[in-house]
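Read through the structure below, which is laid out as structure tokens, and then see the notes.
The values are calculated or read from the model by the stated rules, or taken from the named source; none is laboratory data. Computed from a prediction, not measured in an experiment: that's the story for all the values here. Cβ placement follows ideal geometry from the backbone for every residue including glycine, while neighbour counts extend to all protein chains displayed. Only protein heavy atoms, including side chains, enter the accessible area calculation; ligands, DNA and RNA are left aside. Shrake-Rupley method; radii C 1.70, N 1.55, O 1.52, S 1.80 Å.
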Amino acid sequence: MRFARGRRGNAETGIKITGIAGAGGGTGVTHLSLMLANYLQGVCRKRTAVLEWNDHGDFSRFGEECTGQTGPRTCYGIQQVDYYPGAAAGRLMECQKAEYEHVVIDFGIVKEMTCVELMRCSTVWILMSFSEWQMEAFWELMRSEGFSLKESWQFFTVFGSEESRTEWNKRRKPKITRVPLSADAFSVTRELMDWMETVTDHGSFPGSVSRRSLLKGKEKSFH
């Protein structure tokens, strides 16, 4: 997997773009994308759009369920947030020309074609899991040719052992932050508000990653 350099598309418009992607499937990317969008709109009062930059089809499914609208739609408006199913570069360009203040992109699983698009974002959130059957996907991402950590990239986890996460943060980088459990991605709780305030205000991480230190723990089981 190669990570190519790209130009941040928000530099000319002032729109902030947050890209969210997962190291492997089932890490909670869509759920976190919705949580962030509802926080930005409901708490920060930012006009927000969310793009489904993958072929999962989740946006159409929850869009129909939440709005009662049937048939193909280019956009679903839910709680004053605009959700765009099956979006891509053309839709992002349209959002940049519109009056959105923040665009959240749900990239799904990190793939080679995703890498250039991540560089368009002012902030990137990567989700991984400390579950034993999902750790290999994270190692594969970290070993990818050309992979390098940017100061605006943050790493999160929803699933897996808290003990493993604590040990990781003691011995390795990047720092991985636990996402609070939320049964309803459309509901902004006090806990979620406090957490979002912290992670959105601190978009950088200290230090660098040693490839040797990453590979050293590859064979270690995470419990």
- Message: With a 1.4 Å probe and all protein chains left in place, how much accessible area per residue does the range 86-136 have, in Å²?
- Response: 41 Å²
- Could you sort out which of LYS16/LYS46; LYS150/LYS175; LYS111/LYS175; LYS111/LYS170; LYS46/LYS97 sit more than 18 Å apart by Cα distance in this structure? LYS111/LYS175; LYS111/LYS170
- For GLY22, list long-range residues whose amide hydrogen, built 1.01 Å from N in the peptide plane, is under 5 Å from its own amide hydrogen. GLY108, ILE109, VAL110, LEU127
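Could you work out what % of the accessible surface of the range 68-207 is carbon and sulfur, using a 1.4 angstrom probe and leaving DNA, RNA and ligands out of the count? Walk me through the intermediate numbers first.
Details: 3440 of 6920 Å².
Carbon and sulfur together cover 50 percent of it.
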- Let a ≥ b ≥ c be the square roots of the eigenvalues of the Cα gyration tensor of the range 33-90; is it rounded (a/c under 1.5), or, if not, prolate (a/b larger than b/c) or oblate? oblate
- Note on the structure: Among CYS75, TYR100, PRO85, the residue whose Cα sits farthest towards the positive end of the charge dipole of the range 40-103 (+1 at Cβ of Lys and Arg, -1 at Cβ of Asp and Glu, taken about the Cα centre) is TYR100
